[in-house]
């Protein structure tokens, strides 16, 4: 894996895909816990997306809802293209994407952006 900034994106290149993460300004890459990502597969050029959350971030969002009354007082969390991971950080999230490709679950979990 090789990562570099192409602001505002942080792009991670592997032999199978390029993942473009959109972290918050001044957020340390190892602390990212809620981020949009676009993945372009090398094999066919197809583009896929997800919003990746850590378990801790989902809990934080739900606790906020309990305080503010949002989301039925924090009783649910929903995101159309959500992928929940255990550990924070772009590297950890990239390893999950690699694992999803390895297991064949990638196309079931991420949303395809282009349809040729």
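The values are calculated or read from the model by the stated rules, or taken from the named source; none is laboratory data. Predicted, not measured: the structure shown is a model, and the values here were computed from it. So basically every Cβ, Gly included, is an ideal-geometry build from the backbone, and we count neighbours across all protein chains shown.
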Checking residue 30 against (1) surrounded by 12 or more Cβ atoms within 10 Å (Cβ to Cβ); (2) in contact (Cβ under 8 Å) with a residue 40 or more places away in the chain; (3) outside any strand (DSSP E or B), the condition it does not meet: (1)
Some residue of the stretch 57-74 being modelled with pLDDT of 95 or more and within 14 Å of the chain's Cα centre (by Cα): yes
Some residue of the stretch 36-44 being surrounded by fewer than 16 Cβ atoms within 10 Å (Cβ to Cβ) and farther than 26 Å from residue 114 by Cβ: no
Residue that is loosely packed, with under 14 Cβ neighbours inside 10 Å and over 16 Å from residue 31 (Cα atoms), where the choices are 55, 72, 83: 72
Condition check for residue 83: within 14 Å of the chain's Cα centre (by Cα), assigned to a helix (DSSP H, G or I) and modelled with pLDDT of 95 or more: no
Odd one out for residue 43 among (1) closer than 15 Å to residue 100 by Cβ; (2) out of contact with any strand residue (DSSP E or B) (no Cβ under 7 Å at 6 or more places or on another chain); (3) in contact (Cβ under 8 Å) with a residue 40 or more places away in the chain: (3)
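Identify, from the list 52, 37, 96, the residue that is within 29 Å of residue 4 (Cβ to Cβ) and in a helix (DSSP H, G or I).
96
Say whether the condition of being at positive phi and surrounded by fewer than 17 Cβ atoms within 10 Å (Cβ to Cβ) is met by at least one residue in the stretch 90-101.
no
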Qualifying positions in the stretch 1-23 - outside any strand (DSSP E or B) and either surrounded by 11 or more Cβ atoms within 10 Å (Cβ to Cβ) or modelled with pLDDT of 95 or more (or both): 1, 8, 14, 15, 16, 23
